[in-house]
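Notes for the one structure printed next.
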Amino acid sequence: MADQPFVTDIQTLRARARQHIEQGAVTQGYSADRDTVIRLLNEALATEIICVLRYKRHYFMASGINAQSVAQEFLQHATEEQMHADQIAQRIVQLGGAPNFSPEGLSTRSHSEYVEGASLLDMIKEDLVAERIAIDSYRDMIRYFGNDDPTTRRLMETILAMEEEHADDLVTLLEHMGS
């Protein structure tokens, strides 16, 4: 390995950097299928937006003896899901795409569903199901990105870690409620 240079040639590297500068961070070395990556990220964006909407509804609709603490958990998760949506949208733009915030088709682009839940217990369960969907979906995306797009892979790994925390939080809430 010591016999191989880090880059082929500094002059070549510099010359390549001057080509297609309008593509910003997407250089000749980017090896992922950009259209597919942008499509997957727009699906993740829709998933996060649906999660924000569901958590916000659950925050406002939570009622009962355990409602106050559970509602605060819903609100925290909604805030974090919005942060994920913003990070994903920013990455889509970095890749030269357009984040799809259109409400039309939002639920079909999303991997998770918008289920209101009739009771506090139902709300927690539906949020847990949605987190589990996001976890599996994002794991698949991470595998797909692999080494072809390490920046997007790392972004999704960070988001995945938080989704796993959310799932753990929701399981704890279920345990406290005796379910």
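The values are calculated or read from the model by the stated rules, or taken from the named source; none is laboratory data. It should be emphasised that the depicted structure is a prediction, and the values quoted were computed from it without experimental measurement. Reconstructed Cβ throughout: ideal geometry from the backbone, glycine too, with neighbour counts over all protein chains shown. Side chains included, ligands, DNA and RNA excluded: accessible areas come from the protein's heavy atoms. Shrake-Rupley method; radii C 1.70, N 1.55, O 1.52, S 1.80 Å.
Key figures
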| quantity | calculated |
| --- | --- |
| The range 23-39 residues that are within 13 Å of Ile92 (Cβ to Cβ) and part of a helix (DSSP H, G or I), paired with ones that are modelled with pLDDT of 75 or more and among the aliphatic types (A, V, I, L, M) (beta carbon under 7 Å, 6 or more apart) | Arg34/Leu95; Val37/Leu95; Ile38/Ile92; Ile38/Leu95 |
| Residues within the range 88-109 that are charged (D, E, K, R) and buried (at least 18 other Cβ atoms within 10 Å of the Cβ), tallied | 2 |
| Members of the range 114-138 found to be open to solvent by 50 Å² or more (accessible area, probe 1.4 Å) and closer than 14 Å to Glu43 by Cβ, listed by number | Ile133, Asp136 |
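Conditions (1) in contact with a Leu (Cβ under 8 Å, 6 or more places away or on another chain); (2) free of Cβ contacts under 8 Å to residues at least 12 places away in the same chain; (3) outside any helix (DSSP H, G or I); (4) farther than 28 Å from Ala62 by Cα, marked per residue:
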{"residue": "Ser112", "(1), (2), (3), (4)": "no, no, yes, no"}
{"residue": "Asp122", "(1), (2), (3), (4)": "no, yes, no, no"}
{"residue": "Val129", "(1), (2), (3), (4)": "no, no, no, no"}
{"residue": "Ile133", "(1), (2), (3), (4)": "no, no, no, no"}
{"residue": "Arg143", "(1), (2), (3), (4)": "no, yes, no, yes"}
{"residue": "Leu160", "(1), (2), (3), (4)": "no, no, no, no"}
{"residue": "Asp169", "(1), (2), (3), (4)": "no, no, no, no"}
